[in-house]
Amino acid sequence: MFIQTESTPNPATLKFLPGQTVLEVGTADFPSADAAGTSPLAQRIFAAGGVSGVFFGSDFVTVTKTTDVEWDHIKPGILGAIMEHYQSGQPVMADDHNPASGHAEHSGEDAEIVGQIKELLDTRVRPAVAQDGGDITFHGFDRGIVYLHMQGACAGCPSSTLTLKMGIENLLRHYIPEVVEVRPVAA
């Protein structure tokens, strides 16, 4: 098994490509080792040490390191954990994992606008940020302000504010006049 690695715009995050499907549907975010209980793979990666977050996409695993370690010291352990997992035959996620679209539900008078926002995120934004090892999902819409949740390499990325303001905000404002601003939210 050959696992490729790619850098991301976030220097604290690397993208690992195992050459196999990671998740059939959706994404999964593990912002801490405590949150990894539903994933044998995430548990193995956290056990390698020096890891502060794990994120799964369709064909990649994004790992965020703690600030006190260097990639040269922990990357071999992470590669080993991923390889060991795929050789073990265990599932990536426990059977009780229910993937979701990642978007928060929203109903009410703005439902049509929110539908347009989600559609643009799914078709224009999410595929691009997945290339960088992350995901951006809809969290809420209130009085013209769109709240988005950033995951994987996007969470804590130095360029994420620029991506939100110059990229996503401009895109949404162009297609949906009701949108006046885009803001990030914490998990």
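The values are calculated or read from the model by the stated rules, or taken from the named source; none is laboratory data. All values reported here derive from a predicted model rather than from experimental measurement. With ideal geometry, Cβ positions are generated from the backbone for all residues, glycine too; neighbour counts draw on all protein chains shown. Each accessible area value is taken on the protein alone, full model and side chains, heavy atoms only, with ligands, DNA and RNA left out. Shrake-Rupley method; radii C 1.70, N 1.55, O 1.52, S 1.80 Å.
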Would it be correct to say that L17 is modelled with pLDDT of 90 or more, open to solvent by 20 Å² or more (accessible area, probe 1.4 Å), closer than 21 Å to W71 by Cβ and not acidic (D, E)?
yes
Candidates G133, G50 - the one that is touching a Ser or Thr at 6+ places or on another chain (Cβ under 7 Å) and modelled with pLDDT under 90
G133
What do you reckon, is D142 at pLDDT below 85 and of a type in the set (D, E, K, R)?
no
G77, sole failed condition from (1) over 18 Å from the mean Cα position of the chain (by Cα); (2) outside any helix (DSSP H, G or I):
(2)
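If the requirement is being free of Cβ contacts under 8 Å to residues at least 12 places away in the same chain, open to solvent by 40 Å² or more (accessible area, probe 1.4 Å) and under 22 Å from V25 (Cα atoms), which of these qualifies: E70, E109, E119?
Among E70, E109, E119, only E119 is free of Cβ contacts under 8 Å to residues at least 12 places away in the same chain, open to solvent by 40 Å² or more (accessible area, probe 1.4 Å) and under 22 Å from V25 (Cα atoms).
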Can you go through A35, A48 and tell me which one is within 25 Å of T163 (Cβ to Cβ) and not polar (S, T, N, Q)?
A35
Is it fair to say S7 is hydroxyl-bearing (S, T, Y) and surrounded by 13 or more Cβ atoms within 10 Å (Cβ to Cβ)?
yes
Would you point out the residue of the stretch 53-67, among those that are without any contact (Cβ under 8 Å) to a residue 40 or more places away in the chain and under 15 Å from A12 (Cβ atoms), that is surrounded by the fewest Cβ atoms within 10 Å (Cβ to Cβ)?
T66
Elements of type strands (runs of 3 or more DSSP E) contained in the stretch 1-74, each with 1 or more residues being within 13 Å of the chain's Cα centre (by Cα):
13-17, 28-30, 51-56, 61-65
Need pairs with beta-carbon distance below 8 Å; first residue touching a residue at least 40 places away in the same chain (Cβ under 8 Å) and open to solvent by 20 Å² or more (accessible area, probe 1.4 Å) and within the stretch 138-154, second part of a loop (DSSP other than H, G, I, E, B) and polar (S, T, N, Q); sequence gap 6+ or separate chains.
Q151/T27
